[in-house]
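Undergrad: Have a look at the structure that comes next, please.
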Amino acid sequence: MNKLIVPAIIVAAAAATPAWSQAPQPQGPRFQPKAYFEMPLEKDPTRQVRLQSVVIPAGAGNQFHRHPGDQWWAVQEGEVTFTVKGQPPRTLKTGDFVYVPRGTIHRNQNVSANSARAIELNITDKDKPQTEQVAE
């Protein structure tokens, strides 16, 4: 039963994801997250679950970073270049997903000419910064 919960949440959120704008960002392209929910993990209140949709405008990306927990990314539209530090980049296309274990140093970039959209599920330690930047 538990093996079905994460895929079910991702599918349900994908169906509920709203349309998004391709309007240019005045400060340059940036990730545009929209949280659906954040709540304590059942039976472990020291951890939290967060589900969000992320719009990644053309040319946007983040720096190498890590999280205090696990993360799942599923690309809903466009392409995202996913890189684990020290490994070759991988291009994730619509329908592709990636699991990012706790502490994995990684980044996401949209090197295409079109916006991309992904759904993100995080199960992380409560009361800790959700993202720790790491030097390039």
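Undergrad: By what distance, in whole Å, do the Cα atoms of segment 97-136 stretch along each of the three principal axes, largest value first?
TA: For segment 97-136, the Cα spread along each principal axis is 36, 25, 16 Å.
Undergrad: Cut-off 16 Å, label point 7 angstrom out along Cα-to-Cβ of residue 87: give me the residues of segment 99-128 whose amide nitrogen falls inside.
TA: Residues 99-109 qualify, since their backbone N sits under 16 Å from the label point.
Undergrad: From the backbone phi of segment 118-132, what are the Karplus-calculated ³J(HN,Hα) couplings (6.51 cos²θ - 1.76 cosθ + 1.60, θ = phi - 60°) in whole Hz, Gly and Pro given as x?
TA: Going residue by residue, I get 9, 10, 10, 10, 10, 10, 10, 5, 6, 6, 10, x, 6, 9, 10 Hz, with x marking Gly and Pro.
Undergrad: I've got another one for you. Where in segment 66-108 are there trypsin sites (Lys or Arg not before Pro) that are in a DSSP coil and have at most 15 other Cβ atoms within 10 angstrom of their Cβ? All intermediate terms of the calculation are to be shown ahead of the outcome.
TA: Values: sites: 66, 85, 90, 93, 102, 107; in loops: 85, 102.
Qualifying residues, ordered by number: 85, 102.
Undergrad: With Cβ to Cβ distances under 13 Å as the rule, what net charge do the other residues near residue 78 carry (K, R +1; D, E -1)?
TA: Details: positive: 93, 117; negative: 77, 79, 96.
Taking every Cβ under 13 Å from that of residue 78, the sum is -1.
Undergrad: Here is a further query. So, for segment 57-109, what is the accessible surface per residue at a probe of 1.4 Å, expressed in square angstrom? Display every interim value, and only then the final one.
TA: Details: 2440 Å² over 53 residues.
Solvent-accessible surface per residue comes out at 46 Å².
The values are calculated or read from the model by the stated rules, or taken from the named source; none is laboratory data. Since we're looking at a predicted model, the values are computed, not measured. Glycine also receives a Cβ, built like all others from the backbone with ideal geometry; neighbour counts cover every protein chain displayed. The accessibility values were calculated without ligands, DNA or RNA, using every heavy atom of the protein model including side chains. Shrake-Rupley method; radii C 1.70, N 1.55, O 1.52, S 1.80 Å.
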